[in-house]
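**Student:** Handing you this structure, nothing more for now.
The values are calculated or read from the model by the stated rules, or taken from the named source; none is laboratory data. Only a predicted model underlies this, so the values are computations on that prediction, with no experimental measurement involved. Here the Cβ is made from the backbone with ideal geometry for all residues, glycine too, and neighbour counts use every protein chain on show.
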Amino acid sequence: MAYQTLTVEIDDYVALIRLNRPEALNALNAQLLGELGDALAEADRNEKVRCIVLTGSEKAFAAGADIKEMAGKSFVDVYTDDLFGAEIDRITATRKPIIAAVSGYALGGGCELAMACDFILCADNAKFGQPEINLGVIAGIGGTQRLTRFVGKSKAMEMHLTGRFMDAAEAERSGLVSRVVPAAKLIPEALAAARKIAEKGQIAVMAAKEAVNRAYETTLREGILFERRSFQALFATEDQKEGMAAFLEKREPQFRDR
Ligand code: CO8
């Protein structure tokens, strides 16, 4: 499918999706979020894709929701349309892993989009922030909830109340991102991580993604029960037999996603 606000390249079982609205620093408008939902659904269906990398430009992953598009809307407009609600739900419904590769600004909805991915790798020039307070609003696609879970109440509250940005080193220190790499190495590192994931048995990959995400959505007791059942269920797969046999026979496993 051809898209106007993003590009998709598929190589070696990895889909690289690049947000592409340079004139607005990849600000998220209805068209971009709709196309992103379509591209992710297509990647989920495509047997040639086993992991997804979502990125922007060197200057901006995404500088937030599109302020020009939102500015004139009323409460009735955004409530009736449930602005971006369905689009974000489509993104988080993606079953294959999504790595956010963040360079430059990830602000407002851009920071929220990165946090809705499965993990964030960032370049040393990355800047994260929830500056909606400067526009007379607050985060609206998960920022108050996800940032707080990632970095804790004090730092999340400070960022939401003051609108200050967090640089890459602070983002790594506080657990928002998994790793910081030099800007020139961001895409190669993200693709290398994605290829590593693509080599694994995909049933176990999806089960791991579901189980880790439960940590953000349920109680510890329920999450541990969910993990235990998923772990047990994986013993019904051929990949479990193959993975353990390969270890014992001191060879590489050949997973078949069965
Ligand atoms: N929306 C629309 N256009 C934008 C946005 C944006 N969020 N960010 C940048 N642009 C445009 C600028 O207007 C400018 O366009 P033009 O050249 O036509 O004037 C172009 O991108 C380049 O931007 P700048 O000239 O400002 O570039 P600088 O390098 O000087 O500054 C910044 C970069 C610091 C990133 C600056 O652009 C900025 O502060 N942007 C806005 C950041 C922001 O406030 N983000 C939060 C937006 S609100 C939000 O995300 C809410 C999410 C929840 C929605 C939930 C719905 C339910």
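**Student:** Go through the range 1-15 residue by residue and tally those that are touching a residue at least 40 places away in the same chain (Cβ under 8 Å) and not charged (D, E, K, R).
**Tutor:** Total meeting the criteria: 3.
**Student:** Quick check on Gln240: is it surrounded by 14 or more Cβ atoms within 10 Å (Cβ to Cβ) and either in contact (Cβ under 8 Å) with a residue 60 or more places away in the chain or in the same structural domain as Arg50 (by the TED database) (or both)?
**Tutor:** On the way: surrounded by 14 or more Cβ atoms within 10 Å (Cβ to Cβ): yes; either in contact (Cβ under 8 Å) with a residue 60 or more places away in the chain or in the same structural domain as Arg50 (by the TED database) (or both): no.
No: the conditions fail for Gln240.
**Student:** Separate question: Evaluate the following for Phe84: is it closer than 25 Å to Ile17 by Cβ, assigned by the TED database to the domain that holds Gly37 and modelled with pLDDT under 95?
**Tutor:** Numbers: closer than 25 Å to Ile17 by Cβ: yes; assigned by the TED database to the domain that holds Gly37: yes; modelled with pLDDT under 95: yes.
Yes.
**Student:** Picking from Phe75, Phe150, which residue would you name as being among the aromatic types (Phe, Trp, Tyr), farther than 28 Å from Glu210 by Cβ and either touching a Phe, Trp or Tyr at 6+ places or on another chain (Cβ under 6 Å) or without any contact (Cβ under 8 Å) to a residue 40 or more places away in the chain (or both)?
**Tutor:** On the way: Phe150 fails: farther than 28 Å from Glu210 by Cβ.
Of the residues listed, the single one that is among the aromatic types (Phe, Trp, Tyr), farther than 28 Å from Glu210 by Cβ and either touching a Phe, Trp or Tyr at 6+ places or on another chain (Cβ under 6 Å) or without any contact (Cβ under 8 Å) to a residue 40 or more places away in the chain (or both) is Phe75.
**Student:** If you scan the range 36-67, which residues turn out to be surrounded by fewer than 17 Cβ atoms within 10 Å (Cβ to Cβ), more than 14 Å from the ligand (Cβ to nearest atom) and either among the charged types (D, E, K, R) or at pLDDT below 95 (or both)?
**Tutor:** Filtering the range 36-67 down to residues surrounded by fewer than 17 Cβ atoms within 10 Å (Cβ to Cβ) leaves 38, 41-42, 44-48, 58-59, 67.
Filter once more, keeping what is more than 14 Å from the ligand (Cβ to nearest atom): 38, 41-42, 44-48.
Across the range 36-67, the qualifying residues are Asp38, Glu42, Asp44, Arg45, Glu47, Lys48.
**Student:** Under the condition of being in contact with a Gly (Cβ under 9 Å, 6 or more places away or on another chain) and of a type in the set (A, V, I, L, M), which residue from the range 21-35 is surrounded by the fewest Cβ atoms within 10 Å (Cβ to Cβ)?
**Tutor:** Out of the qualifying residues, it is Leu25.
**Student:** Search the range 16-39 for residues that are in contact (Cβ under 8 Å) with a residue 24 or more places away in the chain and in the same structural domain as Ala86 (by the TED database) and pair each with any residue that is assigned to a helix (DSSP H, G or I) and surrounded by fewer than 23 Cβ atoms within 10 Å (Cβ to Cβ) when their beta-carbon atoms are under 6 Å apart and the residues are at least 6 apart or on different chains.
**Tutor:** Listed pairs, sorted by first residue: Ile17/Ala39; Asn29/Glu69; Leu33/Glu87; Gly37/Glu87; Gly37/Arg90.
**Student:** Of the residues Ala192, Ala233, Ala245, Ala211, only one is among the aliphatic types (A, V, I, L, M), without any contact (Cβ under 8 Å) to a residue 60 or more places away in the chain and assigned by the TED database to the domain that holds Ile120; which?
**Tutor:** Ala192
**Student:** Criterion first (hydrophobic (A, V, I, L, M, F, W, C) and either closer than 30 Å to Val78 by Cα or part of a helix (DSSP H, G or I) (or both)) does Val180 satisfy it?
**Tutor:** Values: hydrophobic (A, V, I, L, M, F, W, C): yes; either closer than 30 Å to Val78 by Cα or part of a helix (DSSP H, G or I) (or both): no.
Against the criterion (hydrophobic (A, V, I, L, M, F, W, C) and either closer than 30 Å to Val78 by Cα or part of a helix (DSSP H, G or I) (or both)), Val180 does not qualify.
**Student:** Okay, moving on. Give the residues of the range 119-140 that are buried (at least 19 other Cβ atoms within 10 Å of the Cβ), in contact (Cβ under 8 Å) with a residue 60 or more places away in the chain and either among the β-branched types (Val, Ile, Thr) or in contact with a helix residue (DSSP H, G or I) (Cβ under 6 Å, 6 or more places away or on another chain) (or both), sorted by residue number.
**Tutor:** Leu121, Cys122, Ala123, Ala126
**Student:** Could you please give the count of residues in the range 97-148 that are near the ligand (Cβ under 10 Å from one of its atoms) and among the β-branched types (Val, Ile, Thr)?
**Tutor:** Qualifying residue count for the region: 4.
**Student:** Next up: With respect to Lys73, is the statement that it is in contact with a Leu (Cβ under 9 Å, 6 or more places away or on another chain), basic (Lys, Arg) and crowded, with 19+ Cβ neighbours inside 10 Å true? Give the steps one after another, and end with the answer.
**Tutor:** On the way: in contact with a Leu (Cβ under 9 Å, 6 or more places away or on another chain): yes; basic (Lys, Arg): yes; crowded, with 19+ Cβ neighbours inside 10 Å: no.
Here the answer is no, as Lys73 does not meet what is asked.
**Student:** For the range 80-126, how many residues meet the condition of being under 18 Å from Val181 (Cβ atoms) and charged (D, E, K, R)?
**Tutor:** Residues meeting the conditions: 2.
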